[in-house]
């Protein structure tokens, strides 16, 4: 029976991808998960394409070597900069977060104008703009490099964060984009700022994060990859098993990680990628 | 003649060490410099001791292989966490920034109470507190993780940065440290915030950054290491030659680096540490 349970590999530069894992656990609770956080080398958001691609491919291989039958690149920067190279290097299907996010944005918009916020690297890659323009939508992209450190400082409801968000969103929802009606959270840290961003964004705006739509995309892939077992009831009763791998401090991963996952993190293994 | 010009290796996780290089160029203009910025793996400030030590030793060996006869660890985090291990691993003298900073603070204080601000990793190491207590001084250490991203965003005179600094310094200059009279900038990014910090810190406070005192310490070592050449006039007339090595984007190093160094950066070589 165990052999039929899929193992899903989830990769991020750090903790943000845990918001995607959280969504995966809600949509696909009857799977096993291996989460790799490249915490020794985070953040990816300010790094170049080559560096991010090299790091991401190493992580992908690591997860495959631990049995992953499908890889979720739960990091907007790695998806935006390196999805092609990861897909080429991997031997299993790879799902990124940009396409599902763009898909949800397309479904949510009425006036076909979208604002995307993310890290410097994600925004510079124009991955979201390309994905949205492919769907006939207009996109305004805005880099918000201070939001990740503010979330990691724990200031998710702080006046300073609100002021920073007002500055960034003020610049984004301007010059022809005042009537944009969807805000895409193009970084897996940002879902923690959702309540604050709801207050700061214009009131007509829908906020889309790609975690949930990514989880649904993954569920679709699993159907093709691993048809349901003979006795699906037994399968579904099983609780997801979670394994965590981190390249930096295991203690810090446990402590910071639970903010993103929403519950306790027990089993973290330190990984040395032999740099 | 050229053989007599010392080559000084300067190492930092990124750009901040350029504030130390700037001070070195003022104090020792007649030397050659090799600067290594480990920009692919920055920031070190949120990483663990083992990771920082491993990265720093690699960088030290790289600079030695490029002829460095003396190494300056121009990064508070690397100094605080790994100076011992770098010194053991290196074949040339190694100078960190913590001891010179503590020395200057000791000379500047009247009431023997010092506030030190720095990254999470520098502060957790208590390297400054130990160095200051060795000199009979009381120290209050305060981690300020948002200041580096704010400097890198270019918000060195921004209202948000002032508000963040007010919160951090308000917490630091409290509970028995309201009368501390020296503020040590325990991070090489912070010198860019000096004008703002002067406004925010209590008016009786002297601000100490370790760049200048580190440069004087290095000058002392050079006297021992390489006695002045036969014709010191010719030597001194020579302009410092600068070589830069960066592990991430060369273009970004040039662009961001000049903010820290205070003038243009021409010659940057990309280094792949074969991770």
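Taking other Cβ atoms within 10 Å as a rough exposure proxy, B:247, A:214 sort from fewest to most as B:247, A:214. Using a/c under 1.5 as the rounded threshold, could you call the range B:143-274 rounded, prolate or oblate? The axes a ≥ b ≥ c are square roots of the C-alpha gyration tensor eigenvalues, and prolate needs a/b larger than b/c, oblate otherwise. Oblate, because a/c is 1.5 or more while a/b does not exceed b/c. Roughly speaking, what is the centre-to-centre gap between the range B:108-176 and the range A:133-167 when only Cα atoms are used, to the nearest Å? Going from one Cα centre to the other spans 26 Å.
Take residue B:272, push a point 7 Å out from Cα through the beta-carbon direction, and compare it with the same point in every other copy: 2.4 nm, smallest first.
Ordering B:204-211, A:239-246 by mean Cβ neighbour count within 10 Å, with the highest value first, yields B:204-211, A:239-246.
Legend: ranking of residues A:133, A:162 from fewest to most surrounding C-beta atoms inside 10 Å; resulting order A:133, A:162. The mean number of Cβ atoms from other chains found within 10 Å of a Cβ in peptide A:44-50 is 5, as a whole number. Treating r as the C-beta distance of residue A:267 and residue B:225 and R0 as 35 Å, the FRET efficiency rounds to 0.10. Compared with the direct C-alpha span, the chain from residue B:204 to residue B:130 gains 24.2 nm at full extension, assuming 0.36 nm per residue. Rg over Rh for the protein assembly as shown works out to 1.01, both radii taken from alpha-carbon positions and Rh defined as the Kirkwood radius.
Measuring nothing but how far apart in sequence close Cα pairs (under 8 Å, 6+ apart) lie, relative to its length, the range B:171-225 scores a relative contact order of 38 percent.
Measuring nothing but how far apart in sequence close Cα pairs (under 8 Å, 6+ apart) lie, relative to its length, chain A scores a relative contact order of 26 percent.
The mean number of Cβ atoms from other chains found within 10 Å of a Cβ in peptide A:241-252 is 2, as a whole number.
Which whole-number percentage describes the relative contact order of the range A:131-230, with Cα contacts under 8 Å and a sequence gap of 6 or more?
25
Among A:119, B:217, which comes first, second and so on when ranked by fewest other beta-carbon atoms within 10 Å? Walk me through the numbers before you get to the answer.
Working: A:119 28, B:217 19.
Arranged by neighbour count, lowest to highest, A:119, B:217 become B:217, A:119.
Would you please state which residues of the range B:186-219 a label at residue B:259 would reach in this model, taking the label point 7 Å out along Cα→Cβ and a backbone N cut-off of under 17 Å? Under 17 Å, as judged by backbone N against the label point of residue B:259, lie B:187-197 of the range B:186-219.
Taking the Cβ-Cβ separation of residue B:111 and residue A:66 as r and a Förster radius of 56 Å, what is the calculated FRET efficiency to the nearest 0.05? Write out the running numbers ahead of the final one.
Numbers: r = 57 Å, r/R0 = 1.02.
That gives a FRET efficiency of 0.45.
Compared with the dominant Cα axis of chain B, that is its longest principal axis, helix B:250-261 is turned about 60°. Helix B:98-108 axis versus longest C-alpha principal axis of chain B: approximately 50°, rounded to the nearest ten. The angle between the Cα long axis of helix B:18-27 and the longest principal axis of the Cα atoms of chain B comes to about 70 degrees, rounded to the nearest 10.
As an equivalent ellipsoid, chain A spans semi-axes of 30, 21, 18 angstrom, where each value is the square root of five times an eigenvalue of the C-alpha gyration tensor, largest first.
Every number in this text was worked out from the coordinates using simple rules, so none of it is lab data. In this text the structure is predicted, and so the values were computed from the model without any measurement. Counting neighbours? That spans all protein chains shown, and the Cβs are built from the backbone with ideal geometry, glycine included.
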